[in-house]
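Asks: My questions all concern the structure below.
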Amino acid sequence: MKNNSVTPDEKQIDRRIIKNKLAKGVFFLGTLFGIIVLAALLIRIFTQGIAYLDFGFLSNFASRRPEDAGIRAAILGTIWIMSITIPVSLILGVSTSIYLEEYAPRNKFTRFIELNLANLAGVPSVVFGLLGLTVFVRLLEMGRSILAGGFTMSLLILPVIVVASKEAIRAIPQEQYDAAYAMGATKWQIIRTVVLPAATPGILTGAILSLSRGVGETASLLMIGAMTFIAYTPASVLDGFTVLPIQIFSWASRPQAEFQAVAAAGSIVLLVILIVMNTLAIIIRNNYSKRY
Amino acid sequence: MNNSENKSLVYSIKDLNLWYGDTKALKNISIDIPEKEVIAIIGPSGCGKSTFIKTLNRMVELVPSVKTEGSIHYKKLDIKKAKVESLRTEVGMVFQKPNPFPKSIYDNIAYGPRIHGIKDKKTLDEVVERSLRGAALWEEVKDRLDENAFGLSGGQQQRVCIARALAVEPDVILMDEPTSALDPLSTAKIEDLIHELRKNYSIIIVTHNMQQAARISDKTAFFLNGEVIEFDATERMYSNPKDKRTDDYISGKFG
């Protein structure tokens with residue numbers, strides 16, 4: 001090898017190759033760690049809970065005897081809560097994102113609001129629970145009801161839906177707007193015929209992902225006073241309620257070993273629901289995503 | 001083509017000035033544009049030619065910081081007093097990059113009539129066929145009208161955009177460098193199409209390509225730094241430019 005040449009010597013090349021392999025190893029180990037933890041979790045839950053998982057488990061109310069315990073009230077509670085949360089959070093979230101992206105003037109105030117939306121998405125759910133307790137349960141006198149729970153949950157996931165919808169709207173190229181404007185469309189016609197069709201897959205993906213966060217949500221609903229033992233089917237939005245994760249939490253905190261297994265069975269059901277929702281989000285994203 | 005003085009005007013522009021924020025983009029533009037002719041707007045990048053044609057259908061107002069002065073009359077109507085929605089129904093536009101909607105070919109063409117309230121399926125069918133024939137695309141796509149317009153080639157997409165503009169039955173078609181993203185073959189097809197369209201429409205076309213302007217236009221306006229340097233019959237301007245700068249640009253000394 002020549003001196004004063006930019007060509008590296010063999011040793012230097014060997015060192016680089018080793019570093020290259022090392023980097024790959026570190027990243028692989030990082031990934032492996034996550035996979036092992038996930039597998040351990042699944043194995044533990046399934047071996048523990050699968051024995052209790054039968055039709056009775058889905059159709060029974062909670063019980064003092066582990067073999068009779070079921071998640072009927074919890075599943076119904078989750079469905080009731082979601083049937084309020086989905087329309088409320090979608091209507092408010094999509095309206096907010098359309099206003100911010102399409103109508104709001106680009107000034108400091110708008111930027112301030114957008115920044116705070118992103119911050120809200122990171123606020124711990126307990127804080128939202130406290131807000132729900134103060135505003136819905138006490139101030140608006142909804143009591144510890146499904147209605148109060150649904151509204152609290154809507155507030156909790158609203159920022160995430162707004163941020164996801166804003167991203168989906170912002171991804172639409174200006175040329176699409178130009179085409180519609182140039183034919184004499186009004187802003188509302190453009191929102192209806194260009195913006196919403198193009199943004200819907202992104203909005204739905206974001207909504208489903210945040211709703212699946214909501215399905216697993218415990219802290220905020222405990223704050224507003226969700227119950228842990230319910231032996232009736234809720235008949236209206238003003239009834240008390242419990243939801244799956246709270247039911248699981250209450251079983252898991254009992255001393256008897258059998259209830260640990262019942263909690264595991266509940267976790268399996270919750271996991272299945274979450275996997276179904278996330279799969280749905282992926283399918284929507286893949287099938288309806290548009291390339292411009 | 002020297003009888004254009006006798007034709008009625010589609011546009012009469014007087015002392016048009018335009019600013020983007022503090023930057024002046026158009027300076028004292030006063031020109032009259034006759035009906036049923038092809039007007040080419042040429043000039044180097046950033047000379048204001050795109051800005052100029054976007055003032056004609058008020059698309060330029062979509063830029064938040066824009067400010068205009070002076071007057072633009074479209075067939076004796078002050079466009080500032082017109083509703084933009086009805087102005088843009090009479091003045092269609094085709095853009096630099098083909099921008100069909102991510103919808104079927106049919107829905108792309110029917111978009112304009114639909115937003116103007118036409119729902120009748122038979123009427124829409126007729127409009128779609130007439131517009132696609134007008135854009136010389138009918139024979140190529142008549143069997144796959146329900147396919148996504150994104151599946152077409154770039155040149156076909158641009159003709160979809162022309163057909164889409166024709167579907168609202170405009171009098172004027174503005175074209176902002178409609179062939180700059182296309183290959184030579186597609187460009188030739190669009191140029192042939194412009195020849196056909198000039199029988200029924202007034203066309204104002206911005207182009208980077210001086211040969212294209214020479215091939216397709218009746219009159220040419222040469223823009224430089226936001227000013228109209230020269231506006232004349234294309235043949236006269238290319239063979240005998242009055243201004244030294246026009247001569248320099250046409251002969252390729254700059255730009």
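Asks: Which percent, to the nearest 5, of DSSP beta bridges fully inside the protein assembly as shown are antiparallel?
Replies: 60 percent
Asks: Considering chain A as a Gaussian network with a 10 Å cut-off on Cα pairs, which listed residue, A:VAL37, A:VAL162, A:VAL194, attains the greatest mean-square fluctuation?
Replies: Judging by the Gaussian network model, the answer is A:VAL37.
Asks: Past the 27 Å Cα-Cα mark, which pairs from A:LYS187/B:LYS199; B:LYS54/B:LYS81; B:LYS49/B:LYS253; B:LYS24/B:LYS103; A:LYS187/B:LYS119?
Replies: Cα-Cα > 27 Å for A:LYS187/B:LYS199; B:LYS24/B:LYS103; rest within.
Asks: A follow-up question, please. So which aspartates and glutamates can B:LYS36 reach, going by Cα to Cα under 13 Å and dropping same-chain residues fewer than 8 places off?
Replies: Partners within reach: B:GLU5, B:ASP171, B:GLU196, B:ASP218.
Asks: How fast does chain A diffuse by Stokes-Einstein, in µm²/s, taking the Kirkwood radius from C-alpha pairs at 25 °C and 0.890 mPa s?
Replies: 109 µm²/s
Asks: Still on this structure, I have one more. For Cα pairs less than 8 Å apart in space and 6+ apart in sequence, what is the mean separation divided by the residue count of chain B, i.e. the relative contact order in percent?
Replies: 27 percent.
Asks: Same structure again: Scanning chain A for helices, which whole DSSP H stretches are 15 Å or more long along the axis (Cα) and average 0.5 or more by Kyte-Doolittle?
Replies: Details: long enough: A:10-49 (58 Å, 0.74); A:72-98 (38 Å, 1.62); A:108-120 (18 Å, 0.28); A:146-170 (35 Å, 1.57); A:196-215 (27 Å, 1.10); A:257-288 (47 Å, 1.54).
Correct list, ordered by number: A:10-49, A:72-98, A:146-170, A:196-215, A:257-288.
Asks: Hey, what's the per residue convex hull volume over the C-alpha atoms of region A:25-87, in cubic angstrom?
Replies: 128 Å³
Asks: Right, here's the next one. Take the Cβ-Cβ distance between A:SER83 and A:THR31 as r, set R0 to 60 Å, and report the resulting FRET efficiency rounded to the nearest 0.05.
Replies: 0.95
Asks: I've got another one for you. For an R0 of 56 angstrom, estimate the FRET efficiency from the Cβ-Cβ distance between A:THR228 and A:LEU22 and round to the nearest 0.05.
Replies: 0.65
Asks: Calculate the spin-label point distance for A:ALA39 paired with B:TYR20, positioning each point 7 Å from the Cα along the beta-carbon direction, and give it in nanometres.
Replies: 5.7 nm
Asks: Let me ask something else. Each residue of region B:13-27 in turn: what ³J(HN,Hα) in whole Hz from Karplus with 6.51, -1.76, 1.60 and θ = phi - 60°, glycine and Pro shown as x?
Replies: So the J values, rounded to whole Hz, are 10, 10, 6, 7, 10, 9, 10, 9, x, 9, 8, 8, 9, 10, 10.
Asks: Quick one: if the Förster radius is 45 Å, what FRET efficiency do A:ALA235 and B:SER65 give, using the C-beta to C-beta distance and rounding to 0.05?
Replies: Rounded to the nearest 0.05, the efficiency is 0.15.
Asks: Normalised radius of gyration for region A:154-255, please: alpha carbon Rg relative to 2.2 N^0.38 Å, two decimal places.
Replies: Normalised Rg, Cα atoms only: 1.62.
Asks: If I model chain B as equal point scatterers sitting on the Cα atoms and use the Debye formula, what is log10 I(q)/I(0) at q = 0.12 Å⁻¹?
Replies: Reported log10 I(q)/I(0), two decimals: -0.71.
Asks: Given the C-alpha centroids of region A:101-161 and region B:8-84, what is the distance between them in whole angstrom?
Replies: When both Cα centres are located, 46 Å separates them.
Asks: Enumerate the helices in chain B for which the Kyte-Doolittle hydropathy averages 0.0 or more and the C-alpha atoms extend at least 15 Å along the helix's axis, using complete DSSP H runs.
Replies: B:184-197
Asks: I want to verify a result. In a Gaussian network model of chain A, Cα cutoff 10 Å, which of these has the top mean-square fluctuation: A:PRO159, A:PRO124, A:PRO255?
Replies: A:PRO255
Asks: Give the order of A:THR7, B:THR89, A:THR279 when sorted by the count of other beta carbons within 10 angstrom, beginning with the fewest.
Replies: If I rank by nearby Cβ atoms, fewest first, I get A:THR7, A:THR279, B:THR89.
Asks: If you add up the charges near A:ALA62, with Lys and Arg at +1 and Asp and Glu at -1, over every other residue whose beta carbon is less than 13 angstrom from its beta carbon, what do you get?
Replies: Net charge around A:ALA62: +2.
Asks: Please rank A:ARG44, B:ARG88, fewest neighbouring Cβ atoms within 10 Å first, as an exposure proxy.
Replies: Taking fewest neighbouring Cβ atoms as first place, the list is A:ARG44, B:ARG88.
Asks: Still on this structure, I have one more. Just for chain B, what percent of DSSP beta bridges are antiparallel, to the closest 5?
Replies: Taking every DSSP beta bridge with both residues in chain B, the antiparallel ones total about 60 percent.
Asks: Under a plain spin-label model, where a point goes 7 Å from the Cα along Cα-to-Cβ, how far apart in nm are B:ARG130 and B:SER86?
Replies: In this crude label model, B:ARG130 to B:SER86 measures out at 2.1 nm.
Asks: If contacts are Cα pairs under 8 angstrom and at least 6 residues apart, what is the relative contact order of chain A in percent? Intermediate values should be presented prior to the final figure.
Replies: Numbers: 347 pairs, mean separation 75.1, N = 292.
Value for chain A: 26 percent.
Asks: At what distance in angstrom do the alpha carbon centres of region A:1-77 and region A:223-245 lie from each other?
Replies: Taking the Cα centre of each part, region A:1-77 and region A:223-245 sit 33 Å apart.
Asks: Report the gain in length on full extension from B:ASP32 to B:HIS195: 0.36 nm times residue separation, minus Cα-Cα distance, nm rounded to one decimal. Present the calculation step by step, with values, prior to reporting the outcome.
Replies: On the way: separation 163, 0.36 × 163 = 58.68 nm, distance 2.14 nm.
That works out to 56.5 nm of additional length.
Asks: Kindly put B:VAL10, A:VAL269, A:VAL262 in sequence by how many other C-beta atoms sit within 10 Å of each C-beta, fewest to most.
Replies: A:VAL269, B:VAL10, A:VAL262
Asks: Summing -39500 (n - 2.57) over the DSSP H runs of n ≥ 4 in the protein assembly as shown and dividing by its residue number, what mean residue ellipticity at 222 nm do you reach, to the nearest 500 deg cm²/dmol?
Replies: Values: 22 runs with 287 residues, N = 547.
Rounded to the nearest 500, the figure is -16500 deg cm²/dmol.
Asks: Once the Cα gyration tensor of region A:24-159 is diagonalised, what are the square roots of 5 times its eigenvalues, in whole Å and ordered largest first, as equivalent ellipsoid semi-axes?
Replies: That gives 36, 28, 13 Å for the three semi-axes.
Asks: Can you pull the Rg over Rh of region A:110-186, Cα-only, Kirkwood?
Replies: Dividing the radius of gyration by the Kirkwood radius yields 1.21.
Asks: Taking a cut-off of 13 Å, what percent of all Cα-Cα pairs in region A:10-52 are separated by more than that?
Replies: The share of Cα pairs beyond 13 Å in region A:10-52 comes to 66 percent.
Asks: Calculate the translational D of region B:121-255 in whole µm² s⁻¹ from Stokes-Einstein, where the hydrodynamic radius comes from the Kirkwood formula applied to all Cα pairs, the temperature is 25 °C and the viscosity 0.890 mPa s.
Replies: D = 149 µm²/s.
Asks: Along the Cα→Cβ direction, 7 angstrom out, place labels at A:LEU271 and A:LEU139. What is the inter-label distance in nm?
Replies: In this crude spin-label approximation the distance works out to 4.1 nm.
Asks: Could you state the principal axis extents of the C-alpha atoms in the protein assembly as shown, from the largest down, to the nearest angstrom?
Replies: Largest first, the protein assembly as shown extends 101, 79, 51 Å along its Cα principal axes.
All of the numbers you see were taken from the coordinates with simple rules; none came from a lab. If you're wondering where the values come from, they're calculated on a predicted model, not measured in any experiment. All Cβ positions, glycine included, derive from the backbone under ideal geometry; neighbour counts span all protein chains shown.
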